[in-house]
Every structure is written in structure tokens, then in C-alpha cells.
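All remarks here apply to the structure that follows.
The values are calculated or read from the model by the stated rules, or taken from the named source; none is laboratory data. What you are looking at is a predicted structure, and each value in this text was computed from that prediction instead of being measured. Every residue, glycine as well, gets a Cβ built from its backbone with ideal geometry; the counts of neighbours run over all protein chains shown.
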């Protein structure tokens, strides 16, 4: 059974690799549409483009944060164009995502407003879709009465509709209801009917959900073998969905079934898959939380942009009306106003020319100020780099004196001791001691050499070099270091690689020496044209106001500035320290 599961997952990986290229082409087409609409200020196309991108981010990338952002932008543009249909379709998906994220009160308000609108429009399909979401909400709140009323309402709408997809979702909702009510016989009958209809419809997602629901009922009946078959079959689709909570539930239930059958290897396998997926979901939520500030800022910025575009549109419309009225007036009094218009035009032309000259002069002054500011920043950055180099030289000299110098002095004394032995008798223990001291000295030289110029960086690249650095820092008496990386290019420009390596090395040195941390988390990932460095420790933290002039932090800041990056430091006493660093990536330098 476990071997068959491995084969299934391997096949799914190959299918996903093919679909990834197709999905990338679709996403690029949507982005191209969006950029074209921006150039032409086509508000209707902007609304549709953001709407399609929102659904793509949710369904393909499972990026709910970005999907919600695109939905918000689409809604604003639909309002500008007075597209009621697009506006309510967008609000439906916003309500659905609010529900998925546990914001039940907000979701309920949105869904009830949508229900009123679609009742007025007599749109039975939309009513059924909205009521399905209301059922989910009531079920989450264990509001049994309203959940049952929602099911009855959906059934009435579907009686006069030919909608196989909604019928299957309705059956799954009924299964969940009867499962909650412990009416397992009715739930099993509905599960079989749901599976039959999903096979006829050919929708793989519906079939997977029906199989998983039926597996849940078989599990309640303790029919473990049959439940396992349904769960494994459902994974043929669910494995394609990243961060799927439904797949998480299937992994957990498979582990329960195999444990009940004393198949401990299989139980352990799916418990491991469950833990890995749960960690991925938690890690996804953490990344979303880090990016939330940027998202809010961009949302405000886009809202301002939309208001400006609305005002420009209103000004343009008003200008057109004024021109029409002016033409009528000019037709009546053209002869009297010809001379006056001539002087007015001449006056405004001179005024515009004067304003343009002033603007050009101001622009030159601003450019000069910007150039001077850049020069000052560069000088300060170089000064910090030079100071950092001096500190590094001082540290190397100290290492040579304290470690290697002391060892060599001890070795010299040991050799003198051997030479002065009476009657030329040399003790083998003395020779062994001298040899061990020489080995230690060689190791110290190798360590100092690695700190000066990491060989793994030039031979293998950035990620192996940092792995080597982490392995050298990891020890039984030091903090545990967890290093993760995602989509980092194999080859990078040597300046960028060395800069990132030194930044990570400096932060780890500070954390190990001063933070008294038990765990250190290091993550490198690529976001569009940037590399994000995220390092956290659970140590004692520090007050940024009192240590901000420390050479360690100044070295880090100067390296980040040298790479034209951005650094954010969050540290409080006894609450640990977090570094988030964004380094711009020149695409011509990677492969």
C-alpha cells in the first residue's frame, strides 16, 4: 500500500511540472493585459484583469493575501465603471475569503447583503452559491438551526436548476451536516450518491472531495480498509493543491486508519506527511504576516491612485461640457471676442512658457541635490566599510595572537623539553603531545583562513557555503541553527554572493557571542527580483537605542547599503531579535 502511494505521488509530480509551465503562461497573459489597461487607463479592463489575477492567485498559487489584494482593487474599479455584476461577483469572493480566514462576522454581513441583492435579481444559481457559504459559516459556529435552514433553502433553488457542480457541493454539505448530527447511515448514502454524480460530471476536485467525505464516514463506522481506499484515491487530486487543509485532514485520518490496523510503518509515513504539510501551512502564514505591512501600504497607495484617476475622469468630462458651452457662446459673439481671445491665448502661452522654465530650473536644482546626497551616502558607506575592515584586521590579529600564537609557544616548549631529555631518551607521549598541538595549530589556521575567504563560496556557490558555515557553527554546546532556502539561483554575481555571506556570518557571530540563544532560524528566499534574508533568534535581545552605534550592526548596515539593500531590525529585551534584509538582484548576474 505504501509503495503504491509513492508511485501515485511521483506521477502527480510529473503532471504538476507540466502544468506549471502552462500556468506561468496564463499568469503572464493576465499581467500583460493589466499593464496594457494601465497604459490606456481602461478602467473596465483593469477591473477584469485584477479579478482574473485574484482567482489565479487563490486557485493556483494558494496566495490568499495577494488574491484578497487584487479583489479589493478589482472592486474599486468595478465601482468606478458602475459595473454592478462585476462588483457583486467580486464581493462574493471577498466574502468567501473572509470566511476561509475565520472573519465570520464580516463574512456574514457580506453574504447577507449578497443574498438580498440576488433575491431581488431572482438569480437562483447565485443564491445557491451564497447560501452554500452561509451553511459553511453556520456549521463553523455550530449554529445547527440556521445550518439546516440554509440546506433547505439550497435544495429549493437547485430543484429548478441544472447545475451538477452545485448539486455535488450541496451533497457534500449535507454529508457534513449528517456527520455532525451522527446520522452516519444517511451520510453514507449521500456519500455514495455524491461520488456517482462526481464521476458523471468528470470534475476531479468534486470527485476528490466526495471520496474524502465518504472516507470520513467509513472511518466513523471503523471500516478502515474501505476508508483507506477512498482517502488514497482522493489524494490523486488533493496532492496537486499546495497548503490544502483538506489534504491535511486526509493525512491525519490515514494515519489513524493504519494505526488501527497495526500498520505502523504506513501510520508513521502519513503522520510525517501530516507534520510536514502542517509546518508548510504555518510557515506560509508567517510569510504572509511579514508581508502584511507592505500589502497594507500598497493598498492605500492604489486607493489613492484610483481616486486620482476618478478625479481626472471627472475633470475630463467637465472639460468636455465646458468646451461645448463655449462653442455655442463663441458662435454668437465670435466677431466681438476674436481680438480678446488672441490676447488671452498669448498671455497664457507666455505664462506656460515661464512656468516651464521655472520647472526646468527646479528640476536641475533637485537633481543636483540628489547627486550630492548620493555622494554623501557613498562616502559614509565607504567610511563604514573601511572601519569594518580595520576591525576585521584587528580581530584576525587577535585570533592569531590568542589562539595560534599560544599554540606555537606551547609547541616550542614541548620540543625544547624533548631535546633536553637526559641520555637522548625521548618519551613517545611527548612526541604525541607535540603532534596533537601541531594538528590543533593547523586547524586554527584553517578556521582563520575560512573566515577570511570562504573556499566553499567560490567553489560551490552561496547556499553550500552558508550550509558549511552553519555546520561549523553548530555544536553540542551552542545554539541549534535551522537553515532554509527557497528558489535561490545556483550562480550569483560574486559581489552579491560574498556580501550576503558576510551579512549572514556577521549576524550569526553576534547571535552566538551575545544573544545567549537556544535556536537561530536562517531563511533565504527569492521574491521577484529580490533576495530576502530572514534571521531570527530567541535570545536576550537588545535595546537598539543603546547599541545602534556598535561596530557589528554598523558593519551589517554598511554591507547592506553597499548592495543597495534595505534592512529592518526588530529586537526587544528578553524577546529575541529579528533581521529582515532585502537585497536587489540584477537578473543579468544570475543563471
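Could you tell me whether any residue of the range 358-376 is surrounded by 11 or more Cβ atoms within 10 Å (Cβ to Cβ), modelled with pLDDT under 75 and in a helix (DSSP H, G or I)?
Within the range 358-376, not a single residue is surrounded by 11 or more Cβ atoms within 10 Å (Cβ to Cβ), modelled with pLDDT under 75 and in a helix (DSSP H, G or I).
Every residue in the range 481-514 that is closer than 17 Å to residue 531 by Cβ and out of contact with any strand residue (DSSP E or B) (no Cβ under 9 Å at 6 or more places or on another chain), please.
Result: 490, 491, 493, 494, 495, 497, 498, 501, 502, 505, 506.
Taking the condition modelled with pLDDT of 90 or more, outside the structural domain of residue 180 (by TED's automatic domain parsing) and farther than 30 Å from residue 183 by Cβ, does residue 110 pass?
yes
Identify, from the list 229, 268, the residue that is assigned by TED's automatic domain parsing to the domain that holds residue 212, under 21 Å from residue 199 (Cβ atoms) and assigned to a helix (DSSP H, G or I).
229
Looking at (1) assigned to a helix (DSSP H, G or I); (2) over 27 Å from residue 262 (Cα atoms); (3) in contact (Cβ under 8 Å) with a residue 12 or more places away in the chain, find the lone condition where residue 199 falls short.
(3)
Mind listing whichever residues of the range 469-518 are under 24 Å from the mean Cα position of the chain (by Cα), assigned to a loop (DSSP other than H, G, I, E, B) and surrounded by fewer than 13 Cβ atoms within 10 Å (Cβ to Cβ)?
487, 490, 491, listed by residue number.
The rows are residues; the columns are (1) buried (at least 21 other Cβ atoms within 10 Å of the Cβ); (2) free of Cβ contacts under 8 Å to residues at least 40 places away in the same chain.
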position: 71; (1), (2): yes, yes
position: 76; (1), (2): yes, no
position: 79; (1), (2): no, yes
position: 82; (1), (2): no, yes
position: 103; (1), (2): no, yes
position: 117; (1), (2): no, yes
position: 134; (1), (2): yes, yes
